[in-house]
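Structure first, then comments.
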Amino acid sequence: MWTEKFHQAWWHSRPLDIDDDEAHKRCFWSALWRTRWESGCYGGFYGGGGEVSIITECINSHIIYTVMSKVDSKLNMPWIIRSKIRNGFQSSTYSMVSAAVGPMWKTVYEAVQKARPELEEQLPKVMGPIGDAQGDLKKKIAEEVASASKETMEEKVAPHLSEPLNNLLEPLTTAFKIIMEAFDEALEKAKPNYKSDEKRLYLVKHHSWTWKIWDAQRSVDGLYDLLWVLDKVFAGISPWSIIGRCNRRLRKHLRNALYTFETKLEEAGGVEHWDAVHAEVKALLHEDCRTGVATLLARIPYEAVKPMWTSLVVTNCKKLVEPLGAAIPEAVKTFVDVNELLEDVLYDILMATCRAAAEPIVAKVDI
């Protein structure tokens with residue numbers, strides 16, 4: 001039994017090679033995800049035990065899927081025998097893959113560590129020209145697509161935003177009011193048993209989930225029917241993803257407020273300053289909630305219009321900016337993507353329009 005416990009501890013341990021390097025950690029998981037998708041390994045993946053184990057398990061799972069899916073269909077024997085064959089094949093391939101990955105990854109890791117100081121020294125010199133090239137190209141792109149995007153915006157987007165924005169105001173305002181109540185309730189429950197946490201996460205861990213959260217999310221769920229009505233105007237809307245984004249923001253506001261309270265409480269000297277810090281942080285949360293409503297009043301129409309905007313404007317404008325690609329200096333061509341910059345420009349235009357349409361409604365926010 002103890003060996004299994006040890007295995008579970010190893011499995012859930014943090015990747016030891018990359019624990020102290022946030023840049024490396026992010027690059028590793030991004031590269032792993034891209035490699036899996038380019039290899040036809042779709043879906044999520046979770047692994048533990050360090051980078052070598054994670055890479056080994058990715059490769060091994062793909063081999064098992066590719067080979068055994070064909071073998072299983074041809075075996076007409078009891079499941080227990082097929083399972084034994086499968087487990088034996090999996091064990092042998094894991095050993096072979098692990099033996100190959102270990103030395104390979106060690107070599108790659110050492111090479112990266114060796115080259116990193118020189119790269120970090122040269123990076124500031126390289127980033128300047130890249131940033132300048134991107135800025136110049138964005139200006140040219142904006143000039144090229146101005147008329148096409150303006151026409152679509154004036155005819156197909158702006159006239160349809162006013163009424164939905166008014167309908168969004170009440171459920172969003174109600175949801176953020178409940179978050180403020182949840183903050184008060186969390187602090188009231190936490191005060192008798194509060195324990196100082198070096199990472200300032202005691203309140204987040206123990207008091208960030210309350211029934212108030214569900215009440216706030218139910219208020220946001222009321223947007224569902226409204227978003228389906230919007231789908232008749234802007235086809236391609238996903239109400240579930242938009243509502244999910246709103247719910248994540250609600251939870252984030254509460255967690256941030258609890259973390260801020262705990263940090264300020266410890267800076268002030270401890271629990272004897274509880275009420276004063278509570279009042280201070282609640283004032284900050286009040287402003288954050290107003291900002292949250294304003295952000296979502298712009299973000300929800302943006303997400304609703306985005307599919308239509310992509311098909312009618314972004315896709316068609318790509319042809320307009322193709323000649324600009326030839327003007328990119330060779331030295332920075334690898335780092336500057338015309339289509340990516342085009343999307344940035346056009347989506348910025350869309351967001352600016354949604355924000356402008358939301359401004360009169362934001363003035364009505366009462367929390």
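The values are calculated or read from the model by the stated rules, or taken from the named source; none is laboratory data. Please read all numbers here as calculations on a predicted model, not as lab measurements. Quick reminder, even Gly has a Cβ in these numbers, built from the backbone with ideal geometry, and neighbours come from all protein chains shown. Surface areas here come from the heavy atoms of the whole protein model, side chains and all, with no ligands, DNA or RNA. Shrake-Rupley method; radii C 1.70, N 1.55, O 1.52, S 1.80 Å.
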task: State in Å² the accessible area per residue of the range 242-366; use a 1.4 Å probe, count heavy atoms of protein chains only, and round to the nearest integer.
output: 49 Å²
statement: Rg/Rh of the range 254-347 (Cα atoms, Kirkwood Rh), to two decimals, equals 1.31
message: How large is the convex hull of the C-alpha atoms of the chain per residue, in Å³?
response: 246 Å³
query: Want the number for ASP221 to SER238: 0.36 nm per residue separation, take away the alpha-carbon distance, what's left?
result: 4.8 nm
- request: Kindly state, as a whole number, the per residue volume in cubic angstrom of the convex hull around the alpha carbon atoms of the range 117-243.
  value: 198 Å³
query: Just how many pairs of Lys in the range 231-367 have C-alpha atoms closer than 19 Å, counting pairs that are eight or more places apart or on different chains?
result: 7
- line: Note, the range 50-55: 3J(HN,Hα) by Karplus (6.51, -1.76, 1.60, θ = phi - 60°), whole Hz, Gly/Pro = x, goes x, 4, 4, 5, 5, 5
message: Please enumerate, by chain and number, the aspartates and glutamates with C-alpha under 12 Å from the C-alpha of LYS25, excluding those fewer than 8 residues away in the same chain.
response: ASP17, GLU51
message: Calculate the FRET efficiency for LYS319 and MET127 from the Cβ-Cβ distance with a Förster distance of 30 Å, rounded to the nearest 0.05.
response: 0.50
field: Within the chain, longest stretch clear of exposed trypsin sites (Lys or Arg not before Pro) (DSSP loop, no more than 16 other Cβ within 10 Å)
entry: 233-363
query: Beyond 14 Å, what percent of the Cα pairs of the range 76-138 remain?
result: 76 percent
- prompt: Once the whole set of protein chains is in place, how much accessible area is left on HIS24, using a 1.4 Å probe, in Å² to the nearest 10?
  reply: 30 Å²
